[in-house]
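Written out below as structure tokens is the structure these notes cover.
The values are calculated or read from the model by the stated rules, or taken from the named source; none is laboratory data. The structure displayed is predicted, hence computed values, not measured ones. Counting neighbours? That spans all protein chains shown, and the Cβs are built from the backbone with ideal geometry, glycine included.
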Amino acid sequence: MPRLTPEEEQYVATIATFVDREVRPVARDLEHSNTFPADLVDRMKALGVFGLVVPEALGGSPVSAACFALVTAELARGWMSLAGAMGPHSVVCTLLVAFGTDEQQRQWLPRLATGEIRAAMALTEPGGGSDLQAMRTVARRQVDGSYSVTGSKTWITNARRAGLIALLCKTDPAADPPHRGVSLLLVEPGDGFIVSRDLPKLGYKGVETCELAFDGYVAPASALLGGTEGQGFAQMMRGLELGRIQVGARAVGVAQAAVDDAVTYAGQRETFGVPIWQHQAVGHLLATMATKTEAARQLVLHAAERYDGGDRCDLEAGMAKLFASETCLEVTADAMRVHGGYGYSPEFDVERYYRDAPLMVLGEGTNEIQKNIIAKQLMSRRRS
């Protein structure tokens, strides 16, 4: 396990206390009313959660990827929607740190670090799914150097409240191979930028997930991330390494919440004169749940350690996201089994964990895509 600094350990503990004292007591009501958690987001701003990947010189409070993952897991343990509110935002910050021009970094990162504005990623399209190279959103360069954008995006977290959107689009639709014509634009809401609707969801409530339409939207030349066209696909793939670590950490947090609730319930509920954990069927279920959750945590931290080392980690991040999300799906279902009929009731949090779990299997590239990435990297590293 990567070693955190004493300051990082204290910070993770502070977030855990915030979750226990302020998030868990209200998460159920916010979830069921599908209410945006404005007060909790303000507290996250005050705690510096939105600046964890931003350099100190630009207003952030940078931590290691391992610390970032553990903070994410703690937030998800309280309410997965809070981890979702900071996830895409942090990936956009990472893209700016890694690829942004000096001007772009100075313009955006100080306000992103404080949470004054929040960021979103616009990748997926209605007909594209995980096939990002098949996108149809096009940004055509105008005589004055600006870009006229036409197209649509879907499943965009934070879209309605975001002040900055990292938009993946084609600046050269005729490029061969297609990824050479893909760029990232840093766009702001304005004329021709339309949030068409909020998408209904099984879980992941409170935080909006929207469809976006671009109809004659104009972005200035300075919006091109890094200032060079055709780099967007490679830039986003690097950003998604942290994104997949973050999604894996979300899954660990939700799974841990399910384990904690199941252990508590199994220690209190009695049948046939003993607590139900003493029945082997239940005790073994708890043991397996806890073991797999810890294994998922260690995979996520291993990927974070490699990320911190500056190495390419799409293999490790893909493994972490794959295993952690599948574990979360299994563990939340087993937590319902431990709770019996109460696990099916909205008066207990277990049903929320069960509804949130599938998102991690599908988000940031489906697990089927993760397996493709893992297999490709296994063969690539074998040859090298």
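Residue 277 versus (1) in contact with a Leu (Cβ under 7 Å, 6 or more places away or on another chain); (2) touching a residue at least 60 places away in the same chain (Cβ under 8 Å); (3) over 16 Å from residue 363 (Cα atoms); (4) of a type outside the set (Val, Ile, Thr): which is the lone unmet condition?
Result: residue 277 fails condition (2) only.
Between a first residue in the stretch 210-228 that is farther than 15 Å from residue 135 by Cβ and among the hydroxyl-bearing types (Ser, Thr, Tyr) and a second residue that is crowded, with 18+ Cβ neighbours inside 10 Å and modelled with pLDDT of 95 or more, which pairs have beta carbons less than 8 Å apart while being 6 or more apart in sequence or on different chains?
217/149; 217/187; 217/193; 222/104
Within the stretch 172-204, track down each residue that is in contact with a Phe, Trp or Tyr (Cβ under 8 Å, 6 or more places away or on another chain), within 16 Å of residue 218 (Cα to Cα) and not in a strand (DSSP E or B).
Correct list: 190, 191, 192.
Name the residue, out of 58, 112, that is closer than 27 Å to residue 224 by Cα and either at pLDDT below 95 or touching a Phe, Trp or Tyr at 6+ places or on another chain (Cβ under 7 Å) (or both).
Testing whether each residue is closer than 27 Å to residue 224 by Cα and either at pLDDT below 95 or touching a Phe, Trp or Tyr at 6+ places or on another chain (Cβ under 7 Å) (or both) leaves just 112.
Taking the stretch 340-384 as the search range and keeping residues that are exposed (fewer than 15 other Cβ atoms within 10 Å of the Cβ) and among the small types (Gly, Ala, Ser), which one is nearest to residue 89 (Cα to Cα)?
375
Taking the stretch 142-171 only, how many residues are part of a loop (DSSP other than H, G, I, E, B) and in contact with a strand residue (DSSP E or B) (Cβ under 8 Å, 6 or more places away or on another chain)?
Final tally of qualifying residues: 8.
State all residues of the stretch 78-111 that are part of a helix (DSSP H, G or I) and among the aromatic types (Phe, Trp, Tyr); if no residue qualifies, say none.
99, 108
When only residues in the stretch 327-366 that are among the hydroxyl-bearing types (Ser, Thr, Tyr) and assigned to a helix (DSSP H, G or I) count, which is nearest to residue 78 (Cα to Cα)?
353
Please go through the stretch 1-32 and give me each residue that is among the small types (Gly, Ala, Ser), in contact (Cβ under 8 Å) with a residue 24 or more places away in the chain and surrounded by fewer than 19 Cβ atoms within 10 Å (Cβ to Cβ), ordered by number.
16
Of the residues in the stretch 205-236, how many are within 18 Å of residue 91 (Cβ to Cβ), in a loop (DSSP other than H, G, I, E, B) and either of a type in the set (A, V, I, L, M, F, W, C) or modelled with pLDDT of 95 or more (or both)?
Result for the stretch 205-236: 2.
Looking at the stretch 352-366, I want the residues that are closer than 12 Å to residue 328 by Cβ and have a partner that is hydroxyl-bearing (Ser, Thr, Tyr) with Cβ atoms under 7 Å, at least 6 apart or on another chain. Which pairs are those?
That search, which allows pairs on different chains as well, returns 353/332; 354/332; 356/204; 357/332; 359/204; 360/325; 361/325.
What's the number of the only condition in (1) within 30 Å of residue 347 (Cβ to Cβ); (2) among the aliphatic types (A, V, I, L, M); (3) surrounded by 12 or more Cβ atoms within 10 Å (Cβ to Cβ) that residue 38 fails to meet?
Single failed check for residue 38: (3).
Can you tell me which of 294, 316 is closer than 27 Å to residue 205 by Cα and assigned by TED's automatic domain parsing to the domain that holds residue 376?
So the residue among 294, 316 that is closer than 27 Å to residue 205 by Cα and assigned by TED's automatic domain parsing to the domain that holds residue 376 is 294.
Condition first: of a type in the set (A, V, I, L, M) and in contact with a Phe, Trp or Tyr (Cβ under 8 Å, 6 or more places away or on another chain). Now tell me which residues in the stretch 256-275 satisfy that.
257, 258, 263, 266
Here is a check on your reading of the model: is residue 69 part of a helix (DSSP H, G or I), small (Gly, Ala, Ser) and over 28 Å from residue 26 (Cα atoms)?
no
Of all residues in the stretch 149-187, which are within 21 Å of the chain's Cα centre (by Cα) and charged (D, E, K, R)?
If the condition is that a residue be within 21 Å of the chain's Cα centre (by Cα) and charged (D, E, K, R), then 153, 160, 161 are the ones that fit.
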